[in-house]
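Chemist: Pasting in a structure now, in structure tokens, and then I'll have a few things to ask.
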Amino acid sequence: METKHYFYVLHCNDGSFYGGYTTDPKRRLEEHNIGKGAKYTRPAFRRPIRMIHLEAFATRQEATKAEYQFKKLPRKNKERYLETVKTACTIRAFEESDGKPLADLLKRNFLEVNSLDYSMEEMTALATQYSSEKLIEQASWAHTYTAEIGDTVVGTASICPYYGSSTESIILCFFVLPDYHGKGIGYQLMKQLEADPFYNRADRIEIPSSRTAEAFYRRFGFTPIDSMNPEDEQGYIRLQKQMTPPPE
């Protein structure tokens, strides 16, 4: 297996940043948090530590060059870099242990983000409905993906046949941790779905979008099924993407 080389940025407990290089982000973050990482992160007042940025490179030289350039930046320029850079993440198949962190991730989106477009009562009900058990059950019949940075779960998305169809698919539970909105995680999750067999075999793909996420999905070519009455009775905007021209 080809080795990947990573430049990463840590946010320390004292508010400072640390940039480093590794081939194993999860192991390296664990080392930093137990005081066995770099000299800078060993003092107890700098822990616990979060990995807030991760970029993958083909060679060690490229990754260490990015590390060196970051370390030379003044604090304000580091903040500006972290604010604008697209954050690389690892996307893998859902595991049962993802159920709890993903349920928490969905809850935060419902209560902190979607509640701006829907009533808090509706969003509280959804937060309760999408439990760890429900997400684990959903992953038994849908292709579900988990995005993570280090040991932090930062996003999820699922795709499955549309009511058992062999020619239509539907995308479900597409969410990114609010702290990572605008960092490119959603883009990377969509690219993962676009490589999925359920996506590639479909003549048509549907997404029941929230009002909050409609603009994001439109960037990938999804449009309302009914432009005159786009919302269904639950308040979802039914979007679709025709992969092949519909029959005349």
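Chemist: Helix-only estimate, please: 222 nm mean residue ellipticity of the chain, summing -39500 (n - 2.57) across DSSP H runs of length 4 or more and dividing by its residues, to the nearest 500.
Modeler: On the way: 9 runs with 78 residues, N = 248.
Helix-only estimate at 222 nm: -8500 deg cm²/dmol.
Chemist: Could you order peptides 101-107, 192-198 by the average number of other Cβ atoms within 10 Å of their residues, highest first? Walk me through the numbers before you get to the answer.
Modeler: Numbers: 101-107: 20.6, 192-198: 15.4.
Order by mean packing, descending: 101-107, 192-198.
Chemist: Next up: How much net charge surrounds Ile136 when only the other residues with a Cβ under 11 Å from the Cβ of Ile136 are counted, with Lys and Arg +1 and Asp and Glu -1? The partial results should precede the final answer.
Modeler: Working: positive: Lys100, Lys134; negative: Glu95, Glu96, Asp98, Glu133, Glu137.
Every neighbour counted, the sum reads -3.
Chemist: Let me ask something else about it. With a probe of 1.4 Å, find how much accessible area the chain has per residue, and write the answer as a whole number in Å². Walk me through the numbers on the way to the answer.
Modeler: Details: 13340 Å² over 248 residues.
On a per-residue basis, the chain sits at 54 Å².
Chemist: Just to confirm my numbers, what's the Cα centroid distance between the stretch 1-75 and the stretch 186-248 in Å?
Modeler: Their Cα centres are 37 Å away from one another.
Chemist: At 20 °C and a viscosity of 1.002 mPa s, what translational diffusion coefficient does Stokes-Einstein give for the stretch 90-177, taking Rh as the Kirkwood radius over Cα pairs? Give it in µm²/s as a whole number.
Modeler: Details: Rh = 13.4 Å.
Answer, rounded: 160 µm²/s.
Chemist: Oh, and also: So what's the Cα pair-distance distribution over the stretch 141-196, bin width 10 Å, in %?
Modeler: Reading the bins upward from 0: 24, 50, 20, 5.
Chemist: Pairs of alpha-carbon atoms within less than 8 angstrom and 6+ residues apart define the contacts here; what relative contact order does the chain have, in percent? Walk me through the numbers before you get to the answer.
Modeler: Details: 413 pairs, mean separation 35.5, N = 248.
It comes to 14 percent, rounded to a whole number.
Chemist: Still on this structure, please answer the following. Find, to one decimal place in angstroms, the Kirkwood hydrodynamic radius of the stretch 167-228, where the mean of 1/r is taken over every pair of different Cα atoms and then inverted.
Modeler: On the way: mean 1/r = 0.0792 Å⁻¹.
About 12.6 Å for the stretch 167-228.
Chemist: Roughly to the nearest percent, how much of the accessible area of the chain is carbon and sulfur, given a 1.4 Å probe? Could the numbers behind the result be given before it?
Modeler: Values: 6860 of 13340 Å².
Here it works out to 51 percent.
Chemist: Compactness ratio of the chain: Cα Rg over 2.2 N^0.38 Å, N = residue count? Walk me through the numbers before you get to the answer.
Modeler: Working: Rg = 20.0 Å, N = 248, 2.2 N^0.38 = 17.9 Å.
With N residues counted in the chain, Rg over 2.2 N^0.38 Å equals 1.12.
Chemist: When only C-alpha pairs under 8 Å and at least 6 residues apart count, what is the relative contact order of the stretch 1-88, in percent?
Modeler: Values: 132 pairs, mean separation 30.3, N = 88.
Relative contact order here is 34 percent.
Chemist: Based on the Kirkwood radius over alpha-carbon pairs, what value in µm²/s does the Stokes-Einstein equation return for the translational diffusion coefficient of the stretch 123-237 at 4 °C and 1.567 mPa s?
Modeler: Numbers: Rh = 15.1 Å.
The calculation lands on 86 µm²/s.
Chemist: Give me the tail of P(r) for the stretch 40-133 as a percent: Cα-Cα pairs with distance above 23 Å.
Modeler: Working: 2319 of 4371 pairs.
Taking all Cα-Cα pairs of the stretch 40-133, the fraction more than 23 Å apart is 53 percent.
Chemist: Using modelled amide H (1.01 Å from N, peptide plane; none on Pro or chain starts), what sits under 5 Å from the amide H of Tyr162, excluding residues fewer than 5 places away?
Modeler: Close amide H contacts, sequence-distant or interchain: Glu168, Ser169, Ile170.
Chemist: Please state the shape class of the stretch 1-87: rounded when a/c is under 1.5, otherwise prolate if a/b exceeds b/c and oblate if not, all from the C-alpha gyration tensor.
Modeler: Oblate is the answer for the stretch 1-87, as a/c is 1.5 or above yet b/c matches or exceeds a/b.
The values are calculated or read from the model by the stated rules, or taken from the named source; none is laboratory data. As the structure is a prediction and not an experimental result, all values here were calculated from the model. Neighbour counts run over all protein chains shown; Cβ positions are idealised from the backbone, glycine included. The area values use the complete protein model at the heavy-atom level, side chains included, leaving out ligands, DNA and RNA. Shrake-Rupley method; radii C 1.70, N 1.55, O 1.52, S 1.80 Å.
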